Amino acid sequence: MKFGDGVLSKTRGYSADRAVGDGLKTLATSGDVLSHLETIRRMAVYLDRDEGAGEPGAGAVAGAGGGRGGGRGGGVGACPGVAGRGVFAGALSHIGTGVGWKPGYAQGVQGLTWLERAAEAAGESEGGLDVGAVYFAAALVSHPAMRESKRDLYERFMREALGRAERGSLLAKNIEAHLEHFDESAASFRSAG
């Protein structure tokens, strides 16, 4: 899947159909939760404001294969299911693509129901889906700079993600890069908690 230079940018000449197809291939072969979530988010970006493409895209994400780690056991394969749907719905909301309803809508944020369910399930399973990554996704979906903004939710989920991110891990690096981009720091979230 081809990523553009910015968070919401696309590569010229790379169609939405191709992006979704390549994204589904990535989901079937990748073993990393953060890669899954970012791939799903990028699929939504490529759908842009195509109202008719949102629903089939959501169906493709919902039905995506389990990938490595199995589908129902709570491993990485659970990501394209519940957490993936949450990220996809949140990304569609951020870019203004509608599907005629508010999928996974909770506490004023599209996609949040699914992310909260995934975090709860991940927290209850041993060695399954990275709950810190799911909380990070929930923070991004509820980020105050997006269409549906909830600063209190964003802060709560960011503290949860930070509390679960091992120093030097890919998750910790992604969180730090995100916070730097918005002139914030992990220390400020930790001290506020």
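Things to note:
- Filter pass, Ala28 being within 17 Å of the chain's Cα centre (by Cα), modelled with pLDDT of 60 or more and over 20 Å from Leu92 (Cβ atoms): yes
- Total residues in region 145-155, condition within 19 Å of Ala187 (Cα to Cα) and free of Cβ contacts under 8 Å to residues at least 12 places away in the same chain: 2
- Subset tally (residues that are surrounded by 14 or more Cβ atoms within 10 Å (Cβ to Cβ) and modelled with pLDDT of 90 or more) for region 154-193: 19
- Residue within region 13-21 that is under 16 Å from the mean Cα position of the chain (by Cα) and either assigned to a helix (DSSP H, G or I) or modelled with pLDDT of 80 or more (or both) present: yes
- Per-region count, region 142-186, residues over 23 Å from Asp32 (Cβ atoms) and hydrophobic (A, V, I, L, M, F, W, C): 4
The values are calculated or read from the model by the stated rules, or taken from the named source; none is laboratory data. Note that this is a predicted model, so its numbers are computed, not measured. Note that each Cβ is placed from the backbone with ideal geometry, even for glycine, and that neighbours are counted across all protein chains shown.
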